[in-house]
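Have a look at the structure below before the remarks.
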Amino acid sequence: KRLFLKSKRSFRRRLPPIQSGDRIDYRNMSLISRFISEQGKILSRRVNRLTLKQQRLITIAIKQARILSSLPFLNNEKQFERSESTTRTTALRIDRR
C-alpha cells in the first residue's frame, strides 16, 4: 500500500566529451579550449566528465600549448576592462581640479 510512488526517470546518457577518434594533442585547439574556464584555468575532471587517463592527457596538452604560447596562461579580458575604467575615473578627477 504505497501512497507515494517514485516515478522511474529515464536518464538520457550524455555523450562523452572526447570521442574515440579525437586525438588529445597540444595542436588540437578546438578540443583543448573546451576544457578551459573563462579565466583560463583547467577544469576539473568532475566537471569535464573525463576518465583519469583522458584528464591527464588534456592537462599535459594544455600545459604544452601554454608553453608554446599558442594558449594564454591567463585570460586578462576582465582586468583589461577594469584598467580602462580606472583610467577614465582618474582622467575625470584630473579634469575636475
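The values are calculated or read from the model by the stated rules, or taken from the named source; none is laboratory data. What you see is a predicted model, and the numbers here were worked out from it, not measured in a lab. We place every Cβ from the backbone using ideal geometry, glycine too, and count neighbours over all the protein chains shown. What goes into the accessible areas is simple: the full protein's heavy atoms, side chains included, and nothing from ligands, DNA or RNA. Shrake-Rupley method; radii C 1.70, N 1.55, O 1.52, S 1.80 Å.
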Roughly speaking, to the nearest percent, how much of segment 29-68's 1.4 Å accessible area is carbon and sulfur?
57
Which ³J(HN,Hα) values, rounded to whole Hz and listed in residue order, are derived for segment 39-52 from phi using the Karplus coefficients 6.51, -1.76 and 1.60 in 6.51 cos²θ - 1.76 cosθ + 1.60 with θ = phi - 60°, glycine and proline given as x?
7, x, 8, 6, 6, 6, 5, 5, 6, 6, 6, 10, 6, 4
Inter-label distance for Arg27 and Lys53, nm, one decimal - labels placed 7 Å from Cα along Cα-to-Cβ:
2.3
Subtracting the Cα-Cα distance of Glu38 and Asn75 from 0.36 nm times their residue separation yields 12.6 nm
Using a probe radius of 1.4 Å on heavy atoms only, what accessible surface per residue do you get for segment 29-68? Whole Å² is fine.
68
